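**Q** Take a look at the following structure, please.
The values are calculated or read from the model by the stated rules, or taken from the named source; none is laboratory data. This structure is a prediction, so every number in the text was calculated from the model and none was measured. Counting neighbours? That spans all protein chains shown, and the Cβs are built from the backbone with ideal geometry, glycine included. Just the protein is used for accessible areas: all its heavy atoms, side chains included, with ligands, DNA and RNA removed. Shrake-Rupley method; radii C 1.70, N 1.55, O 1.52, S 1.80 Å.
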Amino acid sequence: GALRKVSGSLLPMEYAGVPARSPDGAPLPVSHILYAANKYIAGDCYSANKEFMACKANDANPAACLKEGERVRACVKAVLKSLDADCGAHLTAHSKCIFKNNNKFEMCRAEQAKVEECRPPPAGSRPEGAKY
């Protein structure tokens, strides 16, 4: 895919035709990027996600939880932007590995370790017994 210089590193604009960045250069919340950032999203967006899920459990009307859904979206976007600014090359390598290996985390442990070395995941981001 095309390459674009962002935050001092060369980051792919797409993987196999799947866009990975918005026009402003921010990472898009596509599956392989979300998987690569899952611990950071789980830790930093816990309360927003919890409120959204509670709203959905109490009201089947999709319009009822738009405010809570927007909080989750804004939180995820902020986490991706911050993680990319701090560890962009490592996040890109990890998300590319996840994409190439059909979302099999176990195939990308070395790339995951580099991201976590660059920025340790937030406390409480890994539920007891989780294997991601």
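**Q** Quick one: in the range 70-83, which of the residues that are touching a Phe, Trp or Tyr at 6+ places or on another chain (Cβ under 8 Å) and open to solvent by less than 20 Å² (accessible area, probe 1.4 Å) is nearest to GLN112 (Cα to Cα)?
**A** Of everything passing the filter in the range 70-83, LEU83 is nearest to GLN112 (Cα to Cα).
**Q** Quick one: would you say LYS96 is under 13 Å from LEU34 (Cα atoms), touching a residue at least 60 places away in the same chain (Cβ under 8 Å) and open to solvent by 60 Å² or more (accessible area, probe 1.4 Å)?
**A** Considered against the rule, which asks whether it is under 13 Å from LEU34 (Cα atoms), touching a residue at least 60 places away in the same chain (Cβ under 8 Å) and open to solvent by 60 Å² or more (accessible area, probe 1.4 Å), LYS96 comes out as yes.
**Q** Suppose we filter the range 18-50 for residues that are within 15 Å of VAL115 (Cβ to Cβ) and either aliphatic (A, V, I, L, M) or in a loop (DSSP other than H, G, I, E, B) (or both); how many remain?
**A** Let us first name the residues in the range 18-50 that are within 15 Å of VAL115 (Cβ to Cβ), namely 27, 32-44.
The next check asks that each one be either aliphatic (A, V, I, L, M) or in a loop (DSSP other than H, G, I, E, B) (or both); those that pass are 33-34, 36-37, 41-42.
Adding up the residues that qualify gives 6.
**Q** Does the range 46-67 contain at least one residue that is crowded, with 17+ Cβ neighbours inside 10 Å and closer than 21 Å to ALA20 by Cα?
**A** Within the range 46-67 (the criterion being crowded, with 17+ Cβ neighbours inside 10 Å and closer than 21 Å to ALA20 by Cα), the answer is no, since none of the residues qualifies.
**Q** Looking only at the range 51-71, how many residues end up being aliphatic (A, V, I, L, M) and either under 19 Å from HIS32 (Cβ atoms) or not in a helix (DSSP H, G or I) (or both)?
**A** Going through the range 51-71 one residue at a time, the tally reaches 1.
**Q** Among the listed residues GLY25, GLY17, GLY43, GLY8, which satisfies the condition of being surrounded by 13 or more Cβ atoms within 10 Å (Cβ to Cβ) and at pLDDT below 90?
**A** Of GLY25, GLY17, GLY43, GLY8, the one residue that is surrounded by 13 or more Cβ atoms within 10 Å (Cβ to Cβ) and at pLDDT below 90 is GLY25.
**Q** Further question on the same structure: Here are some conditions: (1) under 23 Å from ARG21 (Cβ atoms); (2) modelled with pLDDT of 90 or more. PHE105 meets all but one. Which one does it not meet?
**A** Status for PHE105: all satisfied but (2).
**Q** Given (1) among the charged types (D, E, K, R); (2) assigned to a helix (DSSP H, G or I); (3) open to solvent by 80 Å² or more (accessible area, probe 1.4 Å); (4) over 15 Å from PRO121 (Cβ atoms), where does ASP86 come up short, assuming only one miss?
**A** With (1) among the charged types (D, E, K, R); (2) assigned to a helix (DSSP H, G or I); (3) open to solvent by 80 Å² or more (accessible area, probe 1.4 Å); (4) over 15 Å from PRO121 (Cβ atoms) applied to ASP86, the lone miss is (4).
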